[in-house]
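For reference, the structure is listed below as structure tokens.
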Amino acid sequence: MPLTPAQLPEALNAAIEPVTDNVAMDIDVEDPAAKAVAAAQEQLRVAMEAQTRDRKRREFAERYWRLQRIEGQKTQSLDREAAMEACSATIMVVEHG
């Protein structure tokens, strides 16, 4: 289902909304292994957040361009109808002229 122009700002805001799922971790800050695990978990969280942001941006872009194509097709259709009407009017003028 294509987005309406009124939905575009809402979709864009959703595309840049960060993921904020914080997991409480009870670790001994003096233990080097625990520090390494905590650092790896933080890196994973940041990477997953970036991945989610990228996915949302891609989805927004796909919806946006789909809407643009639909709008373009509507415009082309209206342009064809206007051209046909102009041709019909020209033919009538030439026939009666």
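The values are calculated or read from the model by the stated rules, or taken from the named source; none is laboratory data. The structure presented is a predicted model; accordingly, all values stated were derived computationally and were not measured. FYI the Cβ positions are ideal-geometry reconstructions off the backbone, even for glycines, and counts take in every protein chain you see. The accessibility values were calculated without ligands, DNA or RNA, using every heavy atom of the protein model including side chains. Shrake-Rupley method; radii C 1.70, N 1.55, O 1.52, S 1.80 Å.
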Problem set entry | Residue among Met25, Met48, Met92 that is open to solvent by 80 Å² or more (accessible area, probe 1.4 Å), over 14 Å from the mean Cα position of the chain (by Cα) and at pLDDT 95 or above | Met48
For this session: Mind listing just one residue for me: the one in the stretch 51-70 that is acidic (Asp, Glu) and loosely packed, with under 12 Cβ neighbours inside 10 Å and, of those, nearest to the chain's Cα centre (by Cα)?
Result: Glu62
